[in-house]
Amino acid sequence: MTRRVGMTVPLDGPLHTQKDAIQRLEGLGYTDLWTAEAMGHDAFTPLVLASQWAPSMRLGTAIIPAYTRGPALMASTVASMVDAAPGRFVLGVGSSSNVIVENWNGIPFDEPYKRVRDTVEFLRVALTGEKVTNDYDTFSVKGFRLGVRLQEQPPIMIAALREGMLRLAGRMGDGAIINWLSAEDV
């Protein structure tokens, strides 16, 4: 297994000023750049910029909340990222928190396990270009077809803090993103 070393971006300061710093990271041995989405920049814009500034680095989200983008918009955004960084993008998706989802975005934080499961199930189909019409447990999609033909499917990793999400990551994901866990939890 190849050892990978990553850093969370964006760095401090305006995005347009970070090109030199991002480019230096490759020379320092970094292999990955990761973003999150909460109260700063969105997760994708820094990665699109980095895809052009650091063309060999793997890029990923850790994580995108399954609630704050509608399913079709999430599929379109992921497709754009896959096009910007062919073979280098990893989607990390998770439930996030009630503060981010409900308090900051006004979206009910109901059934997080089911919402993540439904989102991943939808993305697995939608990103192939197949037309999606389905009533999932937590949302419905009627007649969505991604207008971009992807050459490959991105890996989808699932954020997991507890047993249920870890099992979901093992069953439906290409990996798990774990954070805020004690050594005993791991």
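Details
- Scanning the stretch 88-98 for residues being assigned to a loop (DSSP other than H, G, I, E, B), without any contact (Cβ under 8 Å) to a residue 60 or more places away in the chain and out of contact with any Ser or Thr (no Cβ under 8 Å at 6 or more places or on another chain) gives a total of 1.
- Matching residues in the stretch 112-144 - criterion: being of a type in the set (D, E, K, R) and in contact with an Asp or Glu (Cβ under 7 Å, 6 or more places away or on another chain): LYS114, ASP118, ASP137
- Considering residues of the stretch 30-55 that are at pLDDT 95 or above and small (Gly, Ala, Ser) only, the residue farthest from VAL120 (Cα to Cα): ALA54
- Residues located in the stretch 163-182, provided they are assigned to a strand (DSSP E or B) and of a type in the set (Gly, Ala, Ser): ALA176
- Subset of the stretch 49-85 (residues that are among the polar types (S, T, N, Q), crowded, with 20+ Cβ neighbours inside 10 Å and in contact (Cβ under 8 Å) with a residue 60 or more places away in the chain): none
- Residue match in the stretch 2-22 (condition: within 30 Å of VAL132 (Cβ to Cβ) and modelled with pLDDT under 95): no
- Counting the residues of the stretch 87-98 that are more than 15 Å from the chain's Cα centre (by Cα) and within 18 Å of PHE44 (Cα to Cα) gives 0.
- Counted as qualifying within the stretch 1-87 are the helices (runs of 4 or more DSSP H) with 2 or more residues that are over 30 Å from GLY143 (Cα atoms), of a type outside the set (Val, Ile, Thr) and touching a helix residue (DSSP H, G or I) at 6+ places or on another chain (Cβ under 6 Å), namely 19-27, 44-53.
- Selected residue [within 22 Å of THR128 (Cα to Cα) and among the polar types (S, T, N, Q)] from THR45, THR77: THR77
- Hits in the stretch 99-119 (condition: in contact (Cβ under 8 Å) with a residue 40 or more places away in the chain and either over 16 Å from MET74 (Cβ atoms) or among the aliphatic types (A, V, I, L, M) (or both)): ILE100, TRP104, ILE107, PHE109, TYR113, VAL116
The values are calculated or read from the model by the stated rules, or taken from the named source; none is laboratory data. Quantities reported herein were computed from a predicted structural model and do not represent experimental measurements. Cβ coordinates were reconstructed from backbone atoms using ideal geometry, including for glycine residues, and neighbour counts include every protein chain displayed.
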